[in-house]
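The values are calculated or read from the model by the stated rules, or taken from the named source; none is laboratory data. Owing to the predicted nature of the structure, the values given are computational and were not obtained by experimental measurement. Counting neighbours? That spans all protein chains shown, and the Cβs are built from the backbone with ideal geometry, glycine included.
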Ligand code: ADP
Ligand code: MG
C-alpha cells in the first residue's frame, strides 16, 4: 500500500494577507480506485470570508469530499479550488495547514500525552493556552489521562480515550489553532447528547469571524449558519440563507438526513 503523496509545486507560495474566501470553480472529482462514479459534478461554490456555510444532504452526496478537496487531500479532476482567488495547488502545504483547522468524526492522535496532542494545534502555544483550549472543549477532565511522555500506539487506537474524548481533544486542538478557515465534519457526532449542546456552543463561538464550512445533522446547528447549501449526488440541489430555505416547506419534507432537535 502506498500512502497518498501529494507533491508541492516548486512555485508554491504562502497565502498573502487576505480575507480567506474559499471557492470551488467548476470542480469535478472522482476518487481514483472508486467505482468510477463522478463524486462532484462541475460544482461552483462560494464560502464567503468570515461567514459560515452548512453543507446538508443525504449520506454519500459528496459533503466530506468537498472538505477533503478544501484541505487538498485530493486535487480536483477538473476545475479548481481557490482561497482568495489563488488556486490552492499554488499554495504551500505549510500555509494551507496554518490557515485551516479541521474537526472530523474520527480523530487521528499522535503518540504522546493528551496535552501534547492538543498542543500540536499551534507550535508556539503556551501551557496556559493549551489548558484554556482544553477547558473550552471540555477536554480538561482527561488531559492527564495519558501522562506527559507516554508513548503508546495512541496513533492507531487512541490509547484509552473514548470516541467522545478524542473528538473533544480534536476540538481543543482546533480552538488552539485559531485558524481563519474552520472545517467541521460531524464534529460532535461522537459526543453524548448532554455534552454535545455545550460543545456545539463552543464551536459556534469559535466559528465567529472565521470562514466556516460545517457538516451537521442537527437542524439547530444548520439553522445557525449564514448560508445553507444542499448537496445531492455531487450537485447543488438548493442554496440560501436559513430564512430563505425555511420559507419552502418542502425543505423539511425532503430527506436531508437532518435531525429535528428544535
Ligand atoms: P457524504 O460526506 O455526503 O456522506 P462522501 O463525500 O463521503 O459523502 O462520499 C461521496 C461519494 O464518494 C460516496 O459515493 C462515497 O462512497 C465515495 N467515496 C468517499 N470517499 C472515498 C474514497 N476514499 N475512495 C473512493 N470512494 C470514496
Ligand atoms: Mg461525510
Test: residue 190 is under 24 Å from residue 61 (Cβ atoms) and buried (at least 21 other Cβ atoms within 10 Å of the Cβ): no
Restricting to the range 218-237, name every residue that is surrounded by fewer than 21 Cβ atoms within 10 Å (Cβ to Cβ) and assigned to a loop (DSSP other than H, G, I, E, B). 224, 226, 233
So, of the residues in the range 191-217 that are outside any helix (DSSP H, G or I) and more than 16 Å from ligand 1 (Cβ to nearest atom), which turns out to be modelled with the lowest pLDDT? 192
Considering the range 114-131 alone, what residues qualify as being touching a residue at least 24 places away in the same chain (Cβ under 8 Å) and assigned to a loop (DSSP other than H, G, I, E, B)? 120, 121, 122, 125
Name the residues in the range 105-135 that are at pLDDT 90 or above, under 18 Å from the mean Cα position of the chain (by Cα) and either surrounded by fewer than 20 Cβ atoms within 10 Å (Cβ to Cβ) or farther than 27 Å from residue 216 by Cβ (or both), would you? 105, 120, 122
Which count do you get for residues in the range 50-92 that are crowded, with 16+ Cβ neighbours inside 10 Å, part of a helix (DSSP H, G or I) and more than 16 Å from ligand 1 (Cβ to nearest atom)? 2
Which residue out of 101, 111 is away from ligand 1 (no atom under 16 Å from the Cβ) and outside any strand (DSSP E or B)? 111
